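The values are calculated or read from the model by the stated rules, or taken from the named source; none is laboratory data. Quantities reported herein were computed from a predicted structural model and do not represent experimental measurements. With ideal geometry, Cβ positions are generated from the backbone for all residues, glycine too; neighbour counts draw on all protein chains shown. Just the protein is used for accessible areas: all its heavy atoms, side chains included, with ligands, DNA and RNA removed. Shrake-Rupley method; radii C 1.70, N 1.55, O 1.52, S 1.80 Å.
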Amino acid sequence: MRPVLLLLLLAAPLASACQDYDLNTNKDEGADDTAGGSVPPVEIDYSEVCEGLTGSPHDVALNTECDVGLQTGTFTPVVEYHYGTTSFCGPPAVGQIVDSNASGAIDDGDMPAIVIFQGGLSGTDGGRVVAVKGDNSGVYWETDTGMGQDGGFAIGDLDGDGWPEVVVGGVSNVRALDGRTGAVVWTSPNVSSSVDALGYNHPSISDMDHDGHPEVTVGSVILNHDGSLRGRGRLGIGGADLEGDSTYGISYGALSVPVDLDRDGTEELVTGNAAYNPDGSVKWQNDGRDGLIAVADFDGDGEGEIVKTSGWFITGMESDGTEVWGPVNYGYYGVNVGPPSVDDLDGDGVPDIVFAAQSYLVAMEWGGIEKWKASVDDFSGAAGAVLFDFEMDGYPEVLYADETNVRFFSGLDGAVKMDSDEHGSRTIVETPVVADVDNDGHVEIVVGHCSWNKSFTVYGDADDSWPAGRKIWNQHGYSITNVGDHGEIPVTASPNWPEHNSFRSGDVGQPPGEYLDVQAEIFDVCETECADGVVFVGAWLTNAGNQEAPAGLPVSVRAGPSGAVLSTQYTTLPVPSGKTGEALFFELDASALGGAEPFAVADADATLAGMLFECDEGNNVDAWSDAVCE
């Protein structure tokens, strides 16, 4: 069974006040630093940082409530409810965007919304956007018509105010809506030359240059967080040839993906035949077709490789765009291959590819070797699969909705696990999504119906054995690490490899008996320089999980329980199970602290977005007992 920790960040440089100090002094020479060893509770003097600053590394009791064994529930999906009376292709977006519990902020108690289009014809912007309450208790809001049609959503906090926006990709423009009300925040017109003319335009949100202001991307267009144009690529849009040959001159879809493929610190907007820098200039291009893509580290080199489907072909590409295998031919006139999805299907630690090719759903190894085929009913072959390990047995299920049925397959061998005929679709790049949409502690499956008498269906588990999961699936190009639990957009998004190493997969559960639980601990505060307007805070991570926590995790210090983030640092070393981590030193402006007590937050960057999937997300904060520099 593969581990499913979120990928560590490359260790970021520490603040200037800390660069001259050895941050690993919490390990005595000769001490046992293994997970099972015992760190002597010896006080360490950090007077080089600030006079009188000390800390005592110590053992940490494991959070045994997180120790959950193998789940034995059966895979028995049942319809929880249908919604709507008109078709919706999808995929929907899911997220907590409305303060439904009136707490004053988006938090775990808010009921997620399922965001869909209603109405609108292909190639037009006639539809309206509807935010449906995930428990089927009503509608949060709906917009006027003229917003778009069939798919095209991304959820994320664009302006850093704690309230996520809903980005809508239309035929000729991109809009951002206030997630609380549906009101239009901004509109960016004149994008039609860089997106899919049929209207299947699926935006993404990511902070491509890590400046704290996320970019919105769709096709080959890159927008600033306020909707202004930042750049426009001149080659691919992340779309596919309709008939497998560019001479037909027709394509469908715009599913470009922002990701830092080569780990150089800046994300690229990746398409099938080009990657663009944040300003729209070309970073690389190849002579191949454009295509629908997925990204993972298939060869274990630490960089992201690309799998591309276009028309009836599937191709593998290196991080620099070089085509290294394929194109493998899967069809004939009229056949297309849908968008690819990625996860480790057989537990061997290597990601596999799943895609549809008309009559078959195909599982493939990197390199083009088939693992299995399963029969489906899909003339166009343009829909995509989504993966999730519902039974927590190490083998994700594969969810696919074709033209007539919603089908559930074993990822291990393609065996049919469940089949529902309550569906209809003309299939055009849609996929199901997996999230805890009704806040009941178990994930559900949401499937749009592209040509049926219902808009979408929510499936749950008859046995209530499905695991807890995230309450967000924010965009078509979902990869777990691209968004925080409440719509936060990480300043530096960790690529989804090597820990998850998946794409269009919501498999976030820990393997049976394995869990992580990191917490922040302030071990001392030094006030000897308060007269000079400076206070030092010493903190470290503690790991109450039974698995080692990776390096590269953020720790932030806030002014009081809800004050501003004053400083963020990143660990440079892993934190062993049951131990404290390396000492981190925060040099703070005492006036910014305002006399409040410092609060340290584990696994939280400057926007308080986390990167690690923990068994307990509610214990990450530690407060110093007294006000400082009053």
Of the residues Leu235, Thr64, Leu223, the Cα lying farthest along the dipole of the chain towards its positive end, which is defined by charges on the beta carbon of Lys, Arg, Asp and Glu, belongs to Leu235
Based on Cβ point charges of +1 for Lys and Arg and -1 for Asp and Glu, what charge dipole magnitude is obtained for the chain about its Cα centre, in debye rounded to the nearest 20? 2840
Would you tally the net charge around Ala606, using a Cβ to Cβ cut-off of less than 12 Å, leaving Ala606 out, and scoring K and R as +1, D and E as -1? -3
Note to self: C-alpha centroids of the range 152-195 and the range 575-607 sit apart, in Å, by 34
Note to self: C-alpha centroids of the range 88-147 and the range 529-573 sit apart, in Å, by 36
What's the local net charge at Trp186, with K and R +1, D and E -1, over the other residues with C-beta under 13 Å away? -3
With Cβ to Cβ distances under 11 Å as the rule, what net charge do the other residues near Asp524 carry (K, R +1; D, E -1)? -4
Which ³J(HN,Hα) values, rounded to whole Hz and listed in residue order, are derived for the range 411-420 from phi using the Karplus coefficients 6.51, -1.76 and 1.60 in 6.51 cos²θ - 1.76 cosθ + 1.60 with θ = phi - 60°, glycine and proline given as x? x, 5, 9, x, 5, 6, 9, 5, 9, 10
Run the dipole for the range 516-593 about the Cα centre, Lys and Arg Cβ at +1, Asp and Glu Cβ at -1, nothing else charged, and hand back the magnitude in debye, nearest 20. 280
Given a 1.4 Å probe and the protein chains all in place, what does the accessible area of Thr76 round to, in Å² to the nearest 10? 40
Once phi is turned into θ = phi - 60°, what whole-Hz ³J(HN,Hα) does the Karplus curve with 6.51, -1.76 and 1.60 give for every residue of the range 586-595, x standing for Gly and Pro? 10, 8, 10, 6, 4, 5, 5, 5, x, x
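Can you give the longest stretch of the chain with no exposed loop site, where a site means chymotrypsin sites (Phe, Trp or Tyr not before Pro) in a DSSP loop (not H, G, I, E or B) with at most 10 other C-beta atoms within 10 Å? Don't skip to the end; give the middle numbers.
Numbers: sites that count: Tyr332, Tyr333.
With a cap of 10 other Cβ atoms within 10 Å, the longest stretch comes to 1-331.
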Charge dipole of the chain built from unit charges on the beta carbon (Lys, Arg +1; Asp, Glu -1), centred at mean Cα; most positive-end Cα among Gln569, Met208, Ala415 is Ala415
Which whole-number value in Å² is the accessible area per residue of the chain, probe 1.4 Å? 33
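Taking the alpha carbon gyration tensor of the range 222-369, what are the square roots of 5 times its eigenvalues, largest first, to the nearest whole Å?
Rounded to whole Å, the semi-axes are 24, 20, 12.
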Output ³J(HN,Hα) for the range 555-571: one whole-Hz value per residue in order, computed from phi by the Karplus curve 6.51 cos²θ - 1.76 cosθ + 1.60 with θ = phi - 60°, and x for Gly and Pro. 10, 10, 10, 10, 8, x, x, 10, x, 5, 6, 8, 6, 10, 10, 10, 5
Charge dipole (debye, nearest 20) of the range 282-397; +1 at Cβ of Lys and Arg, -1 at Cβ of Asp and Glu: 680
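Hey, what number do you get for the chain at 222 nm if only DSSP H runs of n ≥ 4 count, each worth -39500 (n - 2.57), divided across all residues, to the nearest 500?
0 deg cm²/dmol
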Dipole of the chain (Lys/Arg Cβ +1, Asp/Glu Cβ -1, origin at the Cα centre): which of Ala544, Pro396, Ile44 lies farthest to the positive side? Pro396
Calculated Cα extents along the principal axes in Å (choose from [x] 76, 50, 47; [y] 121, 71, 52; [z] 107, 63, 55), label: [x]
With every protein chain left in place, what is the accessible area of Asp99 in Å² (1.4 Å probe, nearest 10)? 40
Here the relative contact order (percent) of the chain, from C-alpha pairs under 8 Å and at least 6 apart, is 17
Unsatisfied cross-links (Cα-Cα over 26 Å) in the set Lys308/Lys373; Lys283/Lys371; Lys417/Lys454; Lys133/Lys454; Lys283/Lys308; Lys308/Lys454: Lys283/Lys371; Lys308/Lys454
If you roll a 1.4 angstrom probe over the protein chains with everything in place, what fraction of the accessible area of the chain belongs to carbon and sulfur, to the nearest %? 47
For the range 142-273: rounded, prolate or oblate by the Cα gyration tensor [a/c cutoff 1.5]: oblate
